[in-house]
Amino acid sequence: MGDTGFPCKWGAMAGLKHTAQTVISAVMALTYQLRNLVSGKKPVHVVVCGPDDEAARILMDHIPALFSAKNVAVVWGQALWAERVRSRVIVSWDPNDASRVDQIEKKLSATRRIVYVFAVANPLELVSEPSPHLAHHFTQGADYRLHVDGKTRSFTEPGVISRSQDVLTVMNRVSSRAVMVKRDDLVANPSHVLHTVTDLVVGAGGPKPTIGRKAVVHDVPLSASTYSGDPMRVARVDSQRRRFPELDDVTADLGYAVPPSPAPPGTVAGRGLIIAFHTPDEIYQAEADRLRKCLDGLGLDYDISVVEPESNWVRTTLLKPTWIAPARKKHRGPLLYVDVDAYVHDNPWPSLEGIDADMGAVVYPSGELNSATLWINDTPEAHTLLSLWSQGSGSRRESDNGTLRQVGDDSDQGVLRLIVEEEEASDHPRFRFARLHPNLATIFDRLDAYRYGPIVIEQLQVSRELTLREKRLARRRQRLAELGE
């Protein structure tokens with residue numbers, strides 16, 4: 001009996017130790033804050049944020065070096081994460097902190113003085129810059145930005161327009177406690193920029209800098225590149241401006257020149273064929289009829305085919321690449337596969353213009369890949385990927401002994417995710433995989449952390465008709481009624 005109780009006692013002791021450490025940490029933080037209040041010497045928190053990630057990283061490297069190391073703490077993350085950090089000067093960076101200013105001011109301003117350093121650049125440059133993480137991908141667009149976390153790449157974070165608008169809003173509110181650093185200025189005269197930041201910190205009650213007023217920073221590892229000399233980047237800028245007229249507005253508001261409006265394309269570049277598949281039962285036939293009605297209303301070309309099901313839903317999904325591969329061989333030009341329960345609200349091809357890859361899908365910050373919408377290029381590499389996907393899905397289906405769950409990661413999209421992550425981690429990937437923006441595969445009742453612009457393709461989750469989850473099915477039925485179905 002004594003042995004049986006030992007793990008419980010040990011677990012209780014470990015829990016008490018953790019609780020004690022948490023309490024001690026909180027007490028130390030509170031003591032530090034009270035001491036600052038009594039002495040009148042609040043720490044200064046420099047919040048670095050804004051749409052220009054590269055310039056922000058340079059600032060994060062240089063701002064702490066302006067002051068004595070014993071007086072500076074650096075936080076690579078949200079300002080709110082630095083609540084318990086103790087130092088005369090705290091420097092934090094998160095790309096989206098301009099959208100959190102209300103929370104930052106409410107939670108931190110009582111115990112520290114907060115100043116903001118906004119890293120900005122010409123929005124037209126930013127939407128056309130290639131990603132250092134995916135050479136075939138742009139770092140950000142007017143609507144979304146590439147999120148990178150380990151091996152996960154998703155195009156789901158706020159893009160240039162939202163982040164630039166947040167900066168402009170905060171500058172109007174707290175102009176005396178903020179400075180806007182333009183990339184061109186940082187490249188041309190880094191010493192002047194850093195002295196301006198120093199003055200901002202000292203003016204807020206921070207310590208004197210260790211550099212003198214005449215100290216010079218000779219250069220920064222950043223260039224004021226221009227998109228105008230690169231035809232691919234020019235095409236990208238023109239496409240983004242046509243899709244998002246508000247991009248010109250935010251460009252002008254930040255003080256940059258707006259070029260003449262791009263000429264409208266005669267036809268949508270890269271427009272191709274939409275494909276879908278359905279089993280012959282009554283439920284899926286009704287979904288196919290609705291999809292045809294949507295596509296006919298939008299004047300879009302499509303090919304919807306009937307296929308035979310497997311013994312259950314997850315095994316049937318594992319057949320998806322074997323349906324798509326023959327269609328890829330049959331048709332020329334780009335293909336857009338959609339699950340047959342899709343509701344297409346608008347022409348998706350403008351959203352796909354300029355993609356330089358072999359296949360693309362929506363990937364979420366969690367790493368989950370949504371194969372409900374797939375853009376498939378007409379390339380040998382696309383055929384290679386479809387072959388790998390077919391083999392992987394076939395192996396998973398053949399090894400199934402009844403343990404496959406009726407969830408996405410056990411289905412075809414889980415197989416595709418593993419293939420993509422493995423190839424992108426290799427030195428010589430056999431294909432290029434793009435991240436589509438989530439408006440192209442929006443699950444109708446999914447609450448995404450961020451969404452910009454109207455939904456293009458909505459997923460109505462017909463699989464819920466086959467389950468006993470009444471609440472989820474009721475939400476689907478309600479959405480169908482809202483759509484007039």
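The values are calculated or read from the model by the stated rules, or taken from the named source; none is laboratory data. Everything quoted here is computed from the prediction, not taken from an experiment. Cβ atoms come from the backbone with ideal geometry, glycine included; neighbour counts cover every protein chain shown.
Answer yes or no as to whether His133 is free of Cβ contacts under 8 Å to residues at least 24 places away in the same chain, within 29 Å of Gly367 (Cβ to Cβ) and either in the same structural domain as Ser426 (by TED's automatic domain parsing) or surrounded by fewer than 19 Cβ atoms within 10 Å (Cβ to Cβ) (or both). In short, yes. Pull up the stretch 456-472, narrow it to residues that are part of a loop (DSSP other than H, G, I, E, B) and at pLDDT below 95, then point me to the one that is surrounded by the fewest Cβ atoms within 10 Å (Cβ to Cβ). Ranking the candidates gives Leu468 first.
Does the stretch 32-49 contain any residue that is modelled with pLDDT of 90 or more and over 17 Å from Ala178 (Cα atoms)? Yes, that holds for at least one residue. No other residue among Asp281, Asp249 is of a type in the set (Asp, Glu), under 21 Å from Ser128 (Cα atoms) and either more than 31 Å from the chain's Cα centre (by Cα) or modelled with pLDDT of 95 or more (or both) apart from Asp249. From the list Glu381, Glu422, Glu470, pick out the single residue that is in contact (Cβ under 8 Å) with a residue 12 or more places away in the chain and not aliphatic (A, V, I, L, M). Of Glu381, Glu422, Glu470, the one residue that is in contact (Cβ under 8 Å) with a residue 12 or more places away in the chain and not aliphatic (A, V, I, L, M) is Glu381. Residue count for the stretch 354-368 under the criterion of being of a type in the set (Asp, Glu), surrounded by fewer than 20 Cβ atoms within 10 Å (Cβ to Cβ) and under 14 Å from Pro334 (Cβ atoms): the result is 1. Here the condition is being of a type in the set (Val, Ile, Thr) and either at pLDDT 95 or above or outside any helix (DSSP H, G or I) (or both); of Thr198, Thr169, it holds for Thr169 alone. A residue that is at pLDDT below 90 and either surrounded by fewer than 16 Cβ atoms within 10 Å (Cβ to Cβ) or outside any loop (DSSP other than H, G, I, E, B) (or both) can be found somewhere in the stretch 201-208. With respect to the conditions (1) out of contact with any Pro (no Cβ under 9 Å at 6 or more places or on another chain); (2) more than 22 Å from His147 (Cα to Cα), Thr111 falls short on a single one, namely (1).
Scanning the stretch 424-455 for residues that are outside any loop (DSSP other than H, G, I, E, B) and crowded, with 17+ Cβ neighbours inside 10 Å yields Phe433, Ala434, Arg435, Pro438, Asn439, Leu440, Thr442. Go through the residues of the stretch 432-442 one by one and say whether even a single one is aromatic (Phe, Trp, Tyr) and in contact with a Pro (Cβ under 7 Å, 6 or more places away or on another chain). No; the residues of the stretch 432-442 include none that is aromatic (Phe, Trp, Tyr) and in contact with a Pro (Cβ under 7 Å, 6 or more places away or on another chain). Could you tell me whether Asp400 is surrounded by fewer than 16 Cβ atoms within 10 Å (Cβ to Cβ), of a type in the set (D, E, K, R) and not in a helix (DSSP H, G or I)? So Asp400 fails the test. Could you list, in sequence order, all residues of the stretch 451-485 that are out of contact with any helix residue (DSSP H, G or I) (no Cβ under 8 Å at 6 or more places or on another chain), of a type outside the set (Asp, Glu) and closer than 26 Å to Leu336 by Cα? Those that are out of contact with any helix residue (DSSP H, G or I) (no Cβ under 8 Å at 6 or more places or on another chain), of a type outside the set (Asp, Glu) and closer than 26 Å to Leu336 by Cα: Gln459, Arg479, Leu480, Leu483, Gly484. Look at Ala73 and say whether it is free of Cβ contacts under 8 Å to residues at least 24 places away in the same chain, hydrophobic (A, V, I, L, M, F, W, C) and in the same structural domain as Gln165 (by TED's automatic domain parsing). Spelling it out, Ala73 is indeed free of Cβ contacts under 8 Å to residues at least 24 places away in the same chain, hydrophobic (A, V, I, L, M, F, W, C) and in the same structural domain as Gln165 (by TED's automatic domain parsing). Could you look through the stretch 82-106, keep only residues that are in a helix (DSSP H, G or I) and of a type in the set (Asp, Glu), and pick out the one that is nearest to the chain's Cα centre (by Cα)? Restricting to residues being in a helix (DSSP H, G or I) and of a type in the set (Asp, Glu), the top hit is Asp97. State all residues of the stretch 397-428 that are at pLDDT 90 or above and not aliphatic (A, V, I, L, M); if no residue qualifies, say none. Within the stretch 397-428, Asp412, Gln413, Gly414, Arg417, Glu421, Glu422, Glu423, Glu424, Ser426, Asp427, His428 meet the criteria.
Could you run through the stretch 349-392 and say how many residues are touching a helix residue (DSSP H, G or I) at 6+ places or on another chain (Cβ under 6 Å) and not in a helix (DSSP H, G or I)? The number of residues fulfilling the criteria is 10. Considering the stretch 136-161, and only residues there that are surrounded by fewer than 23 Cβ atoms within 10 Å (Cβ to Cβ) and out of contact with any strand residue (DSSP E or B) (no Cβ under 9 Å at 6 or more places or on another chain), the residue that is nearest to Val115 (Cα to Cα) turns out to be Asp149. Can we say Ser395 is out of contact with any strand residue (DSSP E or B) (no Cβ under 7 Å at 6 or more places or on another chain), under 18 Å from Gly272 (Cβ atoms) and in a helix (DSSP H, G or I)? Considered against the rule, which asks whether it is out of contact with any strand residue (DSSP E or B) (no Cβ under 7 Å at 6 or more places or on another chain), under 18 Å from Gly272 (Cβ atoms) and in a helix (DSSP H, G or I), Ser395 comes out as no. All of (1) within 26 Å of His147 (Cβ to Cβ); (2) among the small types (Gly, Ala, Ser); (3) touching a strand residue (DSSP E or B) at 6+ places or on another chain (Cβ under 8 Å) hold for Gly354 with one exception: (3).
Taken together, the criteria exclude Leu369 from residues that are touching a Lys or Arg at 6+ places or on another chain (Cβ under 9 Å), under 19 Å from Ala327 (Cβ atoms) and assigned by TED's automatic domain parsing to the domain that holds Ser463. Among all residues of the stretch 74-85, there is none that is touching a Pro at 6+ places or on another chain (Cβ under 9 Å), surrounded by 23 or more Cβ atoms within 10 Å (Cβ to Cβ) and either modelled with pLDDT of 95 or more or acidic (Asp, Glu) (or both).
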